[in-house]
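Single-structure report; data block below.
The values are calculated or read from the model by the stated rules, or taken from the named source; none is laboratory data. The structure displayed is predicted, hence computed values, not measured ones. As a convention, Cβ positions derive from the backbone with ideal geometry for all residues, glycine included, and neighbour counts pool all protein chains shown.
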Amino acid sequence: MDFLSEIGLAGLNSRIKRLSDELLYSTREYYKTVGLDIEPNWHLIFLLLEKHQSMTITDISQELRMSHPACVKIVNKMKKKGYIDSTTDPEDSRKQLLELSEKSKEKLPDFHKHWDACIKTTQNFLDKSPRFIEELNTLETLVAEKSYMERTLEHFTNN
């Protein structure tokens, strides 16, 4: 048993982060091994732009519930690799409309094959925890209703 498991709930946040990091690094290593020049956190943006054709950074950050600066960082890396094109929004010159480049469109069928393999791997992990996604949804809903900080402050002041 490792220390984070040993300390129970006190180690939960660190265990979630550790698991997330392990999945991210392992996926990055997989991509490198099979010769894909993409990052794991680009996957969702590829899928969003494939679905919606054109979106702003704000649209993407809201859809993913991710910070605007984090989305900007990812999109800039994707642009640098030639996966995203941007144009000025004709209705609002302050906004940039993002869309998949021709390079992306050509590579998407291959990317989807790899992402399908990743999904099968995730399914294998979850076979022994069939309610994990449902429980994760519940946890995310609770955090969206009232943040960890707000709840912790309440517990601290009620002690």
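Among residues of segment 63-77 being within 10 Å of the chain's Cα centre (by Cα) and outside any helix (DSSP H, G or I), the one that is surrounded by the fewest Cβ atoms within 10 Å (Cβ to Cβ) is 65. Applying the set (1) surrounded by 11 or more Cβ atoms within 10 Å (Cβ to Cβ); (2) over 14 Å from the mean Cα position of the chain (by Cα); (3) under 30 Å from residue 106 (Cβ atoms) to residue 42 leaves exactly one unmet item: (2).
For segment 1-15, the candidate set comprises residues that are under 21 Å from the mean Cα position of the chain (by Cα) and loosely packed, with under 13 Cβ neighbours inside 10 Å; within that set, the residue that is farthest from residue 111 (Cα to Cα) is 12. The residue list 88, 138 contains one member that is of a type in the set (S, T, N, Q) and touching a strand residue (DSSP E or B) at 6+ places or on another chain (Cβ under 9 Å), which is 88. The single condition from (1) surrounded by fewer than 10 Cβ atoms within 10 Å (Cβ to Cβ); (2) in a helix (DSSP H, G or I); (3) at pLDDT below 95 that residue 128 fails is (2). Taking each residue of segment 1-17 that is part of a helix (DSSP H, G or I) and looking for partners that are surrounded by 11 or more Cβ atoms within 10 Å (Cβ to Cβ) and of a type in the set (D, E, K, R) with beta-carbon atoms closer than 9 Å, six or more apart or interchain, yields 4/15; 4/18; 5/15. Residues in segment 140-149 that are in a helix (DSSP H, G or I) and either loosely packed, with under 11 Cβ neighbours inside 10 Å or in contact (Cβ under 8 Å) with a residue 24 or more places away in the chain (or both): 141, 144, 145, 148, 149.
Restricting segment 45-58 to residues that are more than 20 Å from residue 108 (Cβ to Cβ) and out of contact with any helix residue (DSSP H, G or I) (no Cβ under 6 Å at 6 or more places or on another chain), the residue that is surrounded by the most Cβ atoms within 10 Å (Cβ to Cβ) is 56.
Would you confirm whether any residue within segment 82-105 is assigned to a helix (DSSP H, G or I), at pLDDT 95 or above, farther than 24 Å from residue 132 by Cα and of a type in the set (A, V, I, L, M, F, W, C)? No: zero hits.
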